[in-house]
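A short write-up of the structure that comes next.
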Amino acid sequence: MPPYTIVYFPVQGRCEAMRMLLADQDQSWKEEVVAMQSWLQGPLKASCLYGQLPKFQDGDLTLYQSNAILRHLGRTLGLYGKDQREAALVDMVNDGVEDLRCKYVSLIYTNYEAGKEDYVKALPQHLKPFETLLSQNKGGQAFIVGDQISFADYNLLDLLRIHQVLAPSCLDSFPLLSAYVARLNSRPKLKAFLTSPDHVNRPINGNGKQ
């Protein structure tokens, strides 16, 4: 039986970064897919600590909150930098990813038609910090922090990929980020996952907008 279980809606959403991490690290996991009607009418919602998904199980440990799950996997699988300095930078990057992800989620679910043009126009200023961070680490030829992949790389990669769907040219003025996405996409185990039906056929969001 796989050691990990992801309980979530039938979308990529806040779980695709952890799926990419697990696939790239050659870990197996089980999916428990929750239909929205079942979520709204069934007992699961009331049983979840914050009344939210994802829910993640690692043996007898149950976790909620997607970033807490990513940090747990980072610690467990050695994806949290090589020392405390790098760990602090990984946390900083991940918090930056979360800031932009929250803006994206707000657009998708509350203001897509009216807000998309302004969102895309403002996107470069939100992407620039990640380009800067890459430029400061081995000239942008490695990972976002240090010389080994971290959980923040998977979260950032997912964020960049969904923005490439929203605004296909969004990375055109960011050569280091463009190369970074291409480099991570080509990692063999990650590439296999990203081209698999499990990923390709899973909608990015729950309302059809992307």
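The values are calculated or read from the model by the stated rules, or taken from the named source; none is laboratory data. Nothing here was measured: the structure is a model prediction, and the numbers come from that model. Note that each Cβ is placed from the backbone with ideal geometry, even for glycine, and that neighbours are counted across all protein chains shown. Ligands, DNA and RNA are excluded from the accessible area calculation, which covers all protein heavy atoms including side chains. Shrake-Rupley method; radii C 1.70, N 1.55, O 1.52, S 1.80 Å.
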Exercise. For residues that are under 20 Å from Gln65 (Cα atoms) and assigned to a helix (DSSP H, G or I), tally how many sit in the range 24-37.
Key: 1
Quiz item: of a type in the set (Gly, Ala, Ser), loosely packed, with under 13 Cβ neighbours inside 10 Å, within 27 Å of Pro188 (Cα to Cα) and within 15 Å of the chain's Cα centre (by Cα): does that describe Ala68?
Solution: yes
Quiz item: Taking the range 47-63 as the region of interest, how many residues are assigned to a helix (DSSP H, G or I) and touching a helix residue (DSSP H, G or I) at 6+ places or on another chain (Cβ under 8 Å)?
Solution: 0
Self-check item: Failed item in (1) on the phi < 0 side of the Ramachandran plot; (2) open to solvent by less than 60 Å² (accessible area, probe 1.4 Å), with Gly140 passing the rest
Solution: (1)
Quiz item: How many residues does the range 1-12 contain that are surrounded by fewer than 21 Cβ atoms within 10 Å (Cβ to Cβ) and in contact (Cβ under 8 Å) with a residue 60 or more places away in the chain?
Solution: 3
Quiz prompt | Residue satisfying all of: in the range 31-46; open to solvent by 20 Å² or more (accessible area, probe 1.4 Å) and either closer than 17 Å to His72 by Cβ or in contact with a helix residue (DSSP H, G or I) (Cβ under 9 Å, 6 or more places away or on another chain) (or both); modelled with the highest pLDDT among these | solution = Glu31
Self-check item: Matching residues, the range 113-132, being of a type outside the set (Lys, Arg), touching a residue at least 40 places away in the same chain (Cβ under 8 Å) and open to solvent by 40 Å² or more (accessible area, probe 1.4 Å)
Solution: Val120, Pro124
Quiz item: In the range 166-210, which residues are in a helix (DSSP H, G or I), of a type in the set (A, V, I, L, M) and under 17 Å from Glu16 (Cα atoms)?
Solution: Leu166, Val181, Leu184, Leu190, Ala192, Leu194, Val200
